[in-house]
Amino acid sequence: MKVAIIFLGALVLLSLAGNTTADLKGKKANCIYGVIGCPRNYDPVCGMDGITYPNECSLCSENRERQVPVRIRKYGPC
């Protein structure tokens, strides 16, 4: 009986863990295309291309220039 309770408890914990794998698709950058230029604040984002951008706006600007939709892998430096 105790083994069954422990087994069920483990199953519940595993189901609550959710998806622990990395998001391979990344997050789409919040781009405001009407704005020319970007603020100089340093709030780094790591692009799916492995490059650290100074902020989300800089990533959007690079996307516009290169016409390549780089997404955000994570907030913070790579």
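Tabulated results
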| item | result |
| --- | --- |
| Among the candidates GLY18, GLY47, GLY9, residue that is open to solvent by less than 70 Å² (accessible area, probe 1.4 Å), at pLDDT below 75 and within 21 Å of ARG73 (Cβ to Cβ) | GLY18 |
| Failed item, numbered, when ARG64 is tested on (1) at pLDDT 80 or above; (2) touching a helix residue (DSSP H, G or I) at 6+ places or on another chain (Cβ under 9 Å) | (2) |
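The values are calculated or read from the model by the stated rules, or taken from the named source; none is laboratory data. Not measured: the values here are computed from a predicted model. Please note: Cβ atoms are built from the backbone with ideal geometry, for glycine as well, and neighbour counts cover all protein chains shown. SASA here: full protein model, heavy atoms, side chains in, ligands and nucleic acids out. Shrake-Rupley method; radii C 1.70, N 1.55, O 1.52, S 1.80 Å.
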